Amino acid sequence: MTVNKSKEHVEILFSLLKQRAHNISHEQMPDFKEHELFVFNHPFREWFLVKSNNVFVGSIYVLDNNCIGINIDINNLNIIKKSINWILSEIKPLPGIKSVRNKNFHININPDNKKMTKLLNDLNAKLIEHTYIIK
């Protein structure tokens, strides 16, 4: 289901955000108003809520740089795998631009997320870089 600017989607996404075990984009949990502002002005090319057995279990998005973001509890590996495969079958990556955007999709993960590392290896994903933040 495509994310929209409805109060329902903002609340669902906030609830899912509070449950997340691994974060890359923030160190502190935003308050609800900050979260709502983010949802209304998100930078994603595509953003979807993921449902299993009529329960929202996460979200998945695609950025303009062909990055796929996965926010689904790591204990739902089968749903994560299905979501990745769905993105790969339904959305085309944008053309590559040298030194700006790879022509293929890529996924960033927290280095402590060993289950996701294993899943990506099982999907024959190729490790292409390690990213560091310098403060």
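Has region 59-73 got at least one residue that is farther than 28 Å from Asn4 by Cβ, surrounded by 14 or more Cβ atoms within 10 Å (Cβ to Cβ) and either in contact with a strand residue (DSSP E or B) (Cβ under 9 Å, 6 or more places away or on another chain) or of a type in the set (Ser, Thr, Tyr) (or both)? There is no residue in region 59-73 that is farther than 28 Å from Asn4 by Cβ, surrounded by 14 or more Cβ atoms within 10 Å (Cβ to Cβ) and either in contact with a strand residue (DSSP E or B) (Cβ under 9 Å, 6 or more places away or on another chain) or of a type in the set (Ser, Thr, Tyr) (or both). Can you tell me which residue is least open to solvent (accessible area, probe 1.4 Å) among those in region 97-127 that are more than 20 Å from Gly58 (Cβ to Cβ) and touching a residue at least 24 places away in the same chain (Cβ under 8 Å)? Here the answer is Arg101. Within region 91-110, restricting attention to residues that are of a type in the set (Val, Ile, Thr) and assigned to a strand (DSSP E or B), the residue that is farthest from the chain's Cα centre (by Cα) is Ile97. If I filter region 11-19 for residues that are surrounded by fewer than 16 Cβ atoms within 10 Å (Cβ to Cβ), in contact (Cβ under 8 Å) with a residue 40 or more places away in the chain, of a type outside the set (Gly, Ala, Ser) and over 21 Å from Ile133 (Cβ atoms), do I get at least one hit? Yes, region 11-19 contains at least one residue that is surrounded by fewer than 16 Cβ atoms within 10 Å (Cβ to Cβ), in contact (Cβ under 8 Å) with a residue 40 or more places away in the chain, of a type outside the set (Gly, Ala, Ser) and over 21 Å from Ile133 (Cβ atoms). Of all the criteria given as (1) modelled with pLDDT of 95 or more; (2) surrounded by fewer than 16 Cβ atoms within 10 Å (Cβ to Cβ); (3) assigned to a loop (DSSP other than H, G, I, E, B), the one not satisfied by Trp86 is (3).
The values are calculated or read from the model by the stated rules, or taken from the named source; none is laboratory data. Every value quoted in this text rests on a predicted model; they were computed, and no experiment measured them. Positions of Cβ are generated from backbone atoms using ideal geometry, with glycine treated the same way; all protein chains shown enter the neighbour counts. Protein only, heavy atoms only, side chains kept; ligands, DNA and RNA dropped before computing areas. Shrake-Rupley method; radii C 1.70, N 1.55, O 1.52, S 1.80 Å.
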